[in-house]
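Student: Before anything else, here's the structure in question.
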Amino acid sequence: MPDYALGLSAQNLVLQAVAEGLVAHQMGGFSREAIASSFALPSTARAVVAIAVGTLAPLRCSPRTWRREVVSRVRKPLSELVFTDSWGNPAF
Ligand SMILES: Cc1cc2nc3c(=O)[nH]c(=O)nc-3n(C[C@H](O)[C@H](O)[C@H](O)COP(=O)(O)O)c2cc1C
């Protein structure tokens, strides 16, 4: 169940950050080797995701990045993601 626990932990961290008026940015695109080396991870630990937590700082990012952060989000409809009875049968 470690994948499930990791997902729950990450989601809880993101929700708590938002509840406290912060922003959490999840990242899968990083060097696992660099993280393992920088933080002296033992062989039993594996970096899976990095999550930056902070405040939005418009003056410190490019206009392109800023636009990406504040644009309205388009989310997939739940009917594409949540099924009942059998795979592909929308629950909502
Ligand atoms: C598992 C996961 C990995 C991600 N990896 C990256 C990443 O490596 N670099 C990046 O800029 N955004 C990455 N993102 C996207 C951002 O964390 C964020 O979801 C995106 O900017 C959209 O923001 P929003 O979820 O508030 O709409 C990742 C998101 C998830 C869920």
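Student: Any residue at all in segment 8-24 that is in a strand (DSSP E or B), open to solvent by 80 Å² or more (accessible area, probe 1.4 Å) and within 15 Å of the ligand (Cβ to nearest atom)?
Tutor: no
Student: Does SER37 fit the bill of being assigned to a helix (DSSP H, G or I), open to solvent by 60 Å² or more (accessible area, probe 1.4 Å) and small (Gly, Ala, Ser)?
Tutor: So SER37 fits the description; yes.
Student: Give the number of residues within segment 40-53 that are loosely packed, with under 12 Cβ neighbours inside 10 Å and more than 21 Å from ASP3 (Cβ to Cβ).
Tutor: Adding up the residues that qualify gives 2.
Student: Of everything in segment 41-92, what is more than 25 Å from ASN12 (Cβ to Cβ) and either touching a residue at least 40 places away in the same chain (Cβ under 8 Å) or in contact with a Cys (Cβ under 8 Å, 6 or more places away or on another chain) (or both)? Give them in sequence order.
Tutor: none
Student: Within segment 31-47, is there a residue that is in contact with a strand residue (DSSP E or B) (Cβ under 9 Å, 6 or more places away or on another chain), among the β-branched types (Val, Ile, Thr) and within 13 Å of the ligand (Cβ to nearest atom)?
Tutor: Yes, because at least one residue in segment 31-47 is in contact with a strand residue (DSSP E or B) (Cβ under 9 Å, 6 or more places away or on another chain), among the β-branched types (Val, Ile, Thr) and within 13 Å of the ligand (Cβ to nearest atom).
Student: Right, something else. When you scan segment 79-88, do you find a residue that is touching a strand residue (DSSP E or B) at 6+ places or on another chain (Cβ under 8 Å), of a type in the set (Ser, Thr, Tyr) and exposed (fewer than 10 other Cβ atoms within 10 Å of the Cβ), even just one?
Tutor: yes
Student: Looking only at segment 1-23, count how many residues are within 26 Å of THR65 (Cβ to Cβ), modelled with pLDDT of 95 or more and of a type in the set (A, V, I, L, M).
Tutor: Residues in segment 1-23 being within 26 Å of THR65 (Cβ to Cβ), modelled with pLDDT of 95 or more and of a type in the set (A, V, I, L, M): 8 in total.
The values are calculated or read from the model by the stated rules, or taken from the named source; none is laboratory data. Note that this is a predicted model, so its numbers are computed, not measured. Methodologically, a virtual Cβ is constructed for each residue, glycine included, from the backbone with ideal geometry; neighbour enumeration extends over all protein chains shown. To get the accessible areas, we keep the full protein, side chains included, count just its heavy atoms, and leave off ligands, DNA and RNA. Shrake-Rupley method; radii C 1.70, N 1.55, O 1.52, S 1.80 Å.
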